[in-house]
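One structure is given here, and the rest of the page talks about it.
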Amino acid sequence: MVLAIMGILITMVFNAISRFQQQAVVSSKLHDELNDWYRFRSQLWSELYYLDSAKIEDQQLTLFDQQKVISYKIEQDTLMRSELNTEFISTGFEASELKLDSTINGQELVFVFQWKNEPMELSYFHKADRKKRIDQYFENL
């Protein structure tokens, strides 16, 4: 009788440990996915912060700044990035649309991503800042 009860308890402990390991793997994958997303978003916002102007043609967004030109485009539902007219490299993120909406006060750049099969917009408002450009020009002299 004691051996049967011990056998049942041991089976329950092993099942609990197995479920815990599965949850740890799922949690780790989700954590890595979010870290990749935050890293990409940080890089994108940094590029957008320093841009002087932007244009969009044929679902290709081109960002201009004093030192470089960066392009983004969607190819087979994947967001691709190119710097200084080099070959486009995958960012690893699914995207469905790039938009550039012009307003009286500036431009709003909108990236539409797919996150867990749901559309998610990441938008950035850019207003040309003459003072910043003039200051940067004189710093580079």
Percent relative contact order of the chain, based on C-alpha pairs within less than 8 angstrom and at least six residues apart?
12
Hey, got the dipole for the chain? About the Cα centre, +1 on K and R Cβ, -1 on D and E Cβ, debye to the nearest 20?
440
Could you let me know the centre-to-centre spacing of segment 108-127 and segment 1-59, using Cα atoms, in angstrom?
22
Mean-square fluctuation check for the chain, GNM, Cα pairs under 10 Å: which of Glu75, Glu121, Glu33 is largest?
Glu33
If packing is taken as the average count of other Cβ atoms within 10 Å, what order do 66-73, 20-27 fall into, highest mean first?
66-73, 20-27
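Over the Cα atoms of the chain, Rg to Rh with Kirkwood Rh, two decimal places? Mind dumping the intermediate values first?
Numbers: Rg = 23.9 Å, Rh = 18.5 Å.
Radius of gyration relative to Kirkwood radius: 1.29.
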Treating the angle as unsigned and between 0 and 90°, give the value, to the nearest 10°, between the Cα long axis of helix 130-139 and the longest Cα principal axis of the chain.
90
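Where a number appears in this text, it was derived from the coordinates with a stated rule and is not lab data. Computed from a prediction, not measured in an experiment: that's the story for all the values here. As a convention, Cβ positions derive from the backbone with ideal geometry for all residues, glycine included, and neighbour counts pool all protein chains shown.
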